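The structure appears below as structure tokens.
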2 protein chains.
Amino acid sequence: MADGSEVALRDLAEYLADDMAACNRAIVERMDSPVALIPQLAAHLVAAGGKRLRPLLTLASARLCGYKPDATHQRHVALAACVEFIHTATLLHDDVVDESTLRRGLASANAIFGNKASVLVGDFLFARSFQLMTDDGSLKVMGILSSASATIAEGEVLQMSTQNDLSTSIEKYLEVIHGKTAALFAAACRVGAVVADQPLKAEEALDSYGTNLGMAFQLVDDALDYAADQATLGKTIGDDFREGKITLPVLTAYTAGSEEDRAFWRRVIEESEQKPGDLEHALELIARTNAIGITLDHATRYAEAASQALDMFPPSRLKQLLQDTASYTVSRLR
Amino acid sequence: MADGSEVALRDLAEYLADDMAACNRAIVERMDSPVALIPQLAAHLVAAGGKRLRPLLTLASARLCGYKPDATHQRHVALAACVEFIHTATLLHDDVVDESTLRRGLASANAIFGNKASVLVGDFLFARSFQLMTDDGSLKVMGILSSASATIAEGEVLQMSTQNDLSTSIEKYLEVIHGKTAALFAAACRVGAVVADQPLKAEEALDSYGTNLGMAFQLVDDALDYAADQATLGKTIGDDFREGKITLPVLTAYTAGSEEDRAFWRRVIEESEQKPGDLEHALELIARTNAIGITLDHATRYAEAASQALDMFPPSRLKQLLQDTASYTVSRLR
């Protein structure tokens, strides 16, 4: 997995190693509960790892804005943990909704613990995230994160409504990925500016960085589902295809396809009638219409906008790392 | 359904008719979303009705504490709506977890809209409840309601862990119903005292009223599953039995039963091996061991404690109505 994106993220995590260690401790501590199944399932999630990209964004944004925690009060760390809890709750529920059995190459929580436990522990983590916000005590932070949580749920419902529907417009698809992914990236960055008491302009710059990074990230993720190698990326290629999920590669190949191609897409996506060999044919149509390239063009524009959103900040190692993260998000597939 | 409990609740709702009307408006307004499926599913939930017991408790507690809203700012109404959102979110997720198809005698949301929509709209309502708290702006209220939300999830997970397990102690069962039901009743009442700026003593009294009322309410609900008439109560009798849910009627009949009876309970509850006629036999064993009577004895003690918790408040029509609600909760089965 040592593609460009991973290297940029690793550099960022290394630069913020102390903050990340504190954040990981906070995550483990606050996942605890006297109800044994909760820490059990939580331990599975922690072991499964993940890049912790969203809490990293909160930590980096706070530091970029010059936030100086005192020894007893590390607001950026608690809020980074809070952001990860919101993300983990949505992952748990997503896997139930999508009936996924694999997450980052390992069995997903619902596959091991069952759908019921995943729904309920997701609820617990979501509630716990609000306790963390309450402990932080800033109404502004609460407003940002509670709005983001509502937007995520709206994005997920919208995605469900567009499932199997090839008449979905690109605008609606972009609205879906804004809701399900970019909104939390934006909020994660924005609260960094808030804890550092920065003016609205800095908040908005980081919000824009997060939004655009999130859009790029999800576009690349959607491209990977038709391009990734399962063994190296820990992602089952063709998941989106099997679920009839409407993503830009599919919309592009469908729109640019011949009448026969469009009939194929209607059968496999709209009517969910899939036979052996269909995924291979879909990959062929996607290659023929340059759908991955077009998806990455979109992603590149968002990544560039993310980079530019940081223009107002003076040059620094951290700014560079955040900009690298944006450009490498796309380069992992170029 | 015009049993004593319903009459007491109807009287309370009539006494607070203006507040309840404002609360119902707030619920409909704040369930809105540009994502069409959300208001669609919300409309189903609103149409399905329900007693709105929890928001009623917030409104009544605030008024009992002398809260006077001004024309533009009705904190008790917004928080009552918030409490109903938390409750509705947990109902949506419960029905998914329990695979229920009936709720209050009507098809449940998951039966009509599917499990996916129920999980995601539940998440939306949960996030929206936190937006309502943030709008209210009291950290104290947020602390109370976010803790209650975490406790509910813990109670639900604990309930899942005890499912099919006849060695569950009565203490553990009481812990489950405290989490899944009483914690939100307590929080709903407590925030009423907080918006009215009452001293800690009043907060604690209302918290105790809510806790004890919630315990009584859930004990009676668990008794009804082995005693109710489906046509009049809109509840499928034997639901808990079929799910292997561990409730006090079952624990009582199991503990007091003969060796043969215990073998029966182990087969139907622990091994989930149920045949036609088993529910009837279970009802017979429950009758023979007076398990409903014993469950109601527990409920009666909680209802009395709820009534006594209000001792510190001077006599008033509202206090009487709240005490009637407590005693009638149990009398509906006596």
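The values are calculated or read from the model by the stated rules, or taken from the named source; none is laboratory data. The model shown is predicted, which means the values in this text are computed figures rather than measured ones. Cβ sites come from the backbone with ideal geometry, for glycine too, and all protein chains shown count toward neighbours.
Key figures for this structure:
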{"read-out": "Top-ranked residue in segment B:95-152 [being among the small types (Gly, Ala, Ser) and in contact with a His (Cβ under 8 Å, 6 or more places away or on another chain); ranked as farthest from A:PHE126 (Cα to Cα)]", "value": "B:ALA109"}
{"read-out": "Residues satisfying the stated conditions in segment B:79-138, i.e. touching a Gly at 6+ places or on another chain (Cβ under 7 Å), more than 9 Å from every other protein chain (Cβ to nearest Cβ) and either among the aromatic types (Phe, Trp, Tyr) or buried (at least 19 other Cβ atoms within 10 Å of the Cβ) (or both)", "value": "B:LEU92"}
{"read-out": "Close pairs (7 angstrom Cβ cut-off, 6 or more residues apart or separate chains): facing chain B (nearest Cβ under 7 Å) and on the phi > 0 side of the Ramachandran plot in segment A:145-168, part of a helix (DSSP H, G or I) and at pLDDT below 95 anywhere", "value": "none"}
{"read-out": "Condition met for B:VAL330 (modelled with pLDDT under 95, touching a helix residue (DSSP H, G or I) at 6+ places or on another chain (Cβ under 8 Å) and crowded, with 21+ Cβ neighbours inside 10 Å)", "value": "yes"}
{"read-out": "Condition check for A:ILE246: in a loop (DSSP other than H, G, I, E, B) and touching a Ser or Thr at 6+ places or on another chain (Cβ under 8 Å)", "value": "yes"}
{"read-out": "Selection count, segment A:1-28, where residues are charged (D, E, K, R) and modelled with pLDDT of 90 or more", "value": "5"}
{"read-out": "Search result, residues across segment B:15-43 that are in contact (Cβ under 8 Å) with a residue 24 or more places away in the chain and either under 22 Å from B:LEU213 (Cβ atoms) or away from every other protein chain (no Cβ under 14 Å) (or both)", "value": "B:TYR15, B:LEU16, B:ASP19, B:MET20, B:ALA22, B:CYS23, B:ASN24, B:ALA26, B:ILE27"}
{"read-out": "Pairs where the first residue, in segment B:126-137, is touching a residue at least 12 places away in the same chain (Cβ under 8 Å) and the second is part of a loop (DSSP other than H, G, I, E, B), C-beta under 8 Å, 6+ apart", "value": "B:ARG128/B:MET31"}
{"read-out": "Filter result for the condition that a residue is part of a helix (DSSP H, G or I) and either under 19 Å from the mean Cα position of the chain (by Cα) or closer than 24 Å to B:GLU273 by Cα (or both), over B:VAL194, B:VAL157, B:VAL141", "value": "B:VAL157"}
{"read-out": "Some residue of segment B:292-302 being under 22 Å from B:ASP221 (Cβ atoms) and among the basic types (Lys, Arg)", "value": "yes"}
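Every residue, every condition in (1) assigned to a strand (DSSP E or B); (2) under 19 Å from the mean Cα position of the chain (by Cα); (3) more than 24 Å from A:ALA153 (Cβ to Cβ), yes or no:
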residue: B:HIS73; (1), (2), (3): no, no, yes
residue: B:LEU79; (1), (2), (3): no, yes, no
residue: B:HIS87; (1), (2), (3): no, yes, no
residue: B:LEU91; (1), (2), (3): no, yes, no
residue: B:THR134; (1), (2), (3): no, no, no
residue: B:LEU145; (1), (2), (3): no, yes, no
residue: B:SER167; (1), (2), (3): no, no, yes
residue: B:LEU174; (1), (2), (3): no, yes, yes
residue: B:THR181; (1), (2), (3): no, yes, yes
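Every residue, every condition in (1) assigned to a loop (DSSP other than H, G, I, E, B); (2) within 27 Å of B:ALA13 (Cα to Cα); (3) touching a strand residue (DSSP E or B) at 6+ places or on another chain (Cβ under 7 Å); (4) in contact (Cβ under 8 Å) with a residue 40 or more places away in the chain, yes or no:
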{"site": "B:PRO276", "(1), (2), (3), (4)": "yes, no, no, no"}
{"site": "B:HIS281", "(1), (2), (3), (4)": "no, no, no, no"}
{"site": "B:ILE286", "(1), (2), (3), (4)": "no, no, no, yes"}
{"site": "B:HIS298", "(1), (2), (3), (4)": "no, yes, no, yes"}
{"site": "B:ALA305", "(1), (2), (3), (4)": "no, yes, no, yes"}
{"site": "B:LEU321", "(1), (2), (3), (4)": "no, yes, no, yes"}
{"site": "B:TYR328", "(1), (2), (3), (4)": "no, yes, no, yes"}
